[in-house]
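What follows is a short report on a single structure.
The values are calculated or read from the model by the stated rules, or taken from the named source; none is laboratory data. Quick caveat: nothing in here was measured; it's all calculated off a predicted structure. Heads up, the Cβs are rebuilt from the backbone with ideal geometry, glycines too, and the neighbour counts pull from every protein chain shown. Accessible surface areas use protein heavy atoms only, side chains included; no ligands, DNA or RNA. Shrake-Rupley method; radii C 1.70, N 1.55, O 1.52, S 1.80 Å.
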Amino acid sequence: MDSRFAGTAVGVGTSRILGRVHSVNLQFKDQFFSCSITILEDDKIEFLLGLDMLKRHQVTKIVEYIFLKH
């Protein structure tokens, strides 16, 4: 973990950022996605996928297709 990216995450609430892991392969079923992960001190949320990562891997297009088709 790269602690140079430590700081504070601000949104609906705040949480301390401990650092970042720069390259992680996430697997969803048979698909792999490469991304970086920001590690938060807060343990209330296990995992949060950012809109930027979803757009980069075109997941938003898949979700849009599913909701508009049905």
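List of remarks:
- Test: residue in the range 24-44 that is in a loop (DSSP other than H, G, I, E, B) and open to solvent by less than 90 Å² (accessible area, probe 1.4 Å): yes
- Scanning the range 50-70 for residues that are in contact with a Phe, Trp or Tyr (Cβ under 9 Å, 6 or more places away or on another chain) and open to solvent by less than 100 Å² (accessible area, probe 1.4 Å) returns 53, 57, 59.
- Any hit, the range 1-13, residues being open to solvent by less than 100 Å² (accessible area, probe 1.4 Å), without any contact (Cβ under 8 Å) to a residue 24 or more places away in the chain and assigned to a helix (DSSP H, G or I): yes
- Test result for residue 55, in a loop (DSSP other than H, G, I, E, B) and basic (Lys, Arg): no
- Screening residue 36 with (1) more than 11 Å from the chain's Cα centre (by Cα); (2) modelled with pLDDT under 90 gives one miss only, at (1).
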